[in-house]
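Only one structure is covered here, and it is reproduced in the block below.
The values are calculated or read from the model by the stated rules, or taken from the named source; none is laboratory data. Quantities reported herein were computed from a predicted structural model and do not represent experimental measurements. Ideal geometry is used to build each Cβ from the backbone, glycine not excepted, and the neighbour counts take in all protein chains shown. Please note that ligands, DNA and RNA were not included when accessible areas were found on the heavy atoms of the full protein model with its side chains. Shrake-Rupley method; radii C 1.70, N 1.55, O 1.52, S 1.80 Å.
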Amino acid sequence: MKRAYNFNAGPSALPLEVLQEAQAEFLNFADTGMSIIEMSHRSKEYDALHAETKALMKELMEIPDDYEVMFIQGGGSLQFFMTAANFNTKKHAAYVNTGVWSKKAMAEAKVYGEAYEAASSADKNHSYIPQEINILPETSFVHLTSNNTIYGTEYQTFPEFDVPVICDMSSDILSRKVDVSKFDLIYAGAQKNLAPAGVVVVIAKKAFIETANTNLPTMLKYKTFLDNDSLYNTPPVFCIYMINKTLKWIKAQGGVEAIAKNNQAKAKLIYDVIDNSNGFYKGHAEPGSRSLMNITFNLATPEMEKDFVAKGKAAGFVGIGGHRLVGGCRASTYNAVPMEACAALAEFMKEYQKANQ
């Protein structure tokens with residue numbers, strides 16, 4: 001079976017083993033004679049899957065006991081509004097602007113209340129992670145975006161604050177070890193490292209949820225999901241099932257530390273080509289802020305970039321064009337992208353340089 005070298009930024013590659021397992025049991029989950037997408041979310045079979053998925057998430061991320069794992073629909077974009085609606089209970093909320101997604105989060109927050117830019121990397125076209133962050137008095141929380149898919153930057157270490165911290169980890173969750181206790185709420189759309197689009201994993205301190213605004217519609221309250229084990233309404237069972245499979249795959253690889261080591265090696269293959277190209281490839285992100293998930297670079301002209309993407313596609317590389325807002329080129333090397341795909345892309349980049357410099 002032919003498989004593309006999938007470097008899509010999202011939805012993105014899932015582990016082949018996970019896809020094959022889902023295919024094999026799609027018509028008969030847990031000997032029920034039904035597909036997972038046909039059965040009741042109140043059944044004992046689904047209940048066991050739901051509980052196991054939460055337990056795996058807690059184990060792999062070493063989530064403290066005073067946190068809850070929740071599954072919420074609506075994608076990361078709903079979380080932009082939902083976090084502010086629930087927790088902007090003081091004068092204003094702080095946002096660190098590292099690119100498109102953090103700006104969108106701040107824009108949604110302003111629909112509900114006041115929000116301000118505590119730091120920004122816009123002065124250098126979001127090529128770095130800002131280190132000086134100005135938190136004003138009466139700030140409800142600070143919002144961070146851990147990895148920036150469009151510009152290819154990522155927090156190498158996270159700053160600490162005297163106010164609650166909310167973090168969008170949609171594009172790098174489970175790609176490296178993170179101290180969950182440093183955050184009051186983490187959210188992550190599944191379609192990068194976990195599952196198909198359709199569910200968001202939310203990891204939140206239970207005491208933090210208790211501080212939330214209560215004057216909200218039922219389905220916009222985190223407390224609804226906390227109190228009902230994410231089962232107030234029908235959850236996206238297939239997506240949660242796929243998260244379960246992916247978490248088991250991560251555990252089988254040796255856990256998050258092994259995944260992180262592999263991710264570093266994969267990214268190095270491509271960054272080394274960029275760094276050794278004598279300027280033929282120009283990396284967008286500053287070295288100290290480089291993402292292990294999204295490697296962004298430019299060639300001499302937009303026309304050459306289009307040619308690079310076209311020739312790459314002909315050679316089997318999918319998704320290596322940059323985001324429509326910024327152009328350029330991008331290789332997204334999420335957890336499930338295999339080492340051989342990154343090695344093949346690195347060789348293609350060397351060959352393209354030889355033919356075109």
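Just a few scattered comments:
- Among the conditions (1) open to solvent by 40 Å² or more (accessible area, probe 1.4 Å); (2) out of contact with any strand residue (DSSP E or B) (no Cβ under 6 Å at 6 or more places or on another chain); (3) part of a loop (DSSP other than H, G, I, E, B); (4) not β-branched (Val, Ile, Thr), the only one that Asn213 does not satisfy is (1).
- Residue that is surrounded by the fewest Cβ atoms within 10 Å (Cβ to Cβ), among those in the range 84-108 that are under 19 Å from the mean Cα position of the chain (by Cα) and polar (S, T, N, Q): Asn97
- Residue within the range 328-337 that is open to solvent by 30 Å² or more (accessible area, probe 1.4 Å) and of a type outside the set (Asp, Glu) present: no
- Cβ-Cβ under 6 Å pairs, at least 6 apart or on other chains, the range 250-266 side open to solvent by 40 Å² or more (accessible area, probe 1.4 Å), far side part of a helix (DSSP H, G or I): Gln253/Ile259
- Any hit, the range 56-77, residues being free of Cβ contacts under 8 Å to residues at least 60 places away in the same chain and more than 20 Å from Lys206 (Cβ to Cβ): yes
- Residue within the range 275-295 that is surrounded by 17 or more Cβ atoms within 10 Å (Cβ to Cβ), of a type in the set (Phe, Trp, Tyr), more than 17 Å from Lys124 (Cα to Cα) and over 19 Å from the mean Cα position of the chain (by Cα) present: yes
- Residue, most open to solvent (accessible area, probe 1.4 Å), within the range 131-146, restricted to residues that are in a loop (DSSP other than H, G, I, E, B) and more than 20 Å from His284 (Cβ to Cβ): Glu132
- Residues in the range 174-191 that are assigned to a helix (DSSP H, G or I) and basic (Lys, Arg): Lys182 only.
- Output for the range 85-110, where each listed residue is among the aliphatic types (A, V, I, L, M) and touching a residue at least 40 places away in the same chain (Cβ under 8 Å): Ala85, Ala93, Ala94, Val96, Val100, Ala105
- The range 306-322, residues that are in a helix (DSSP H, G or I) and open to solvent by 20 Å² or more (accessible area, probe 1.4 Å): Lys306, Asp307, Val309, Ala310, Lys311, Lys313, Ala314
- Scanning the range 65-83 for residues being open to solvent by 20 Å² or more (accessible area, probe 1.4 Å), under 16 Å from Pro236 (Cβ atoms) and not in a helix (DSSP H, G or I) gives a total of 2.
- Within the range 33-48, being open to solvent by 10 Å² or more (accessible area, probe 1.4 Å) and either among the aliphatic types (A, V, I, L, M) or outside any loop (DSSP other than H, G, I, E, B) (or both) holds for Met34, Ile37, Met39, Lys44, Glu45, Asp47, Ala48.
- Options Tyr151, Tyr128; residue that is surrounded by fewer than 24 Cβ atoms within 10 Å (Cβ to Cβ) and either part of a loop (DSSP other than H, G, I, E, B) or at pLDDT below 95 (or both): Tyr128
- Against the list (1) open to solvent by 20 Å² or more (accessible area, probe 1.4 Å); (2) of a type outside the set (Val, Ile, Thr); (3) touching a Lys or Arg at 6+ places or on another chain (Cβ under 7 Å), the condition Glu62 fails is (3).
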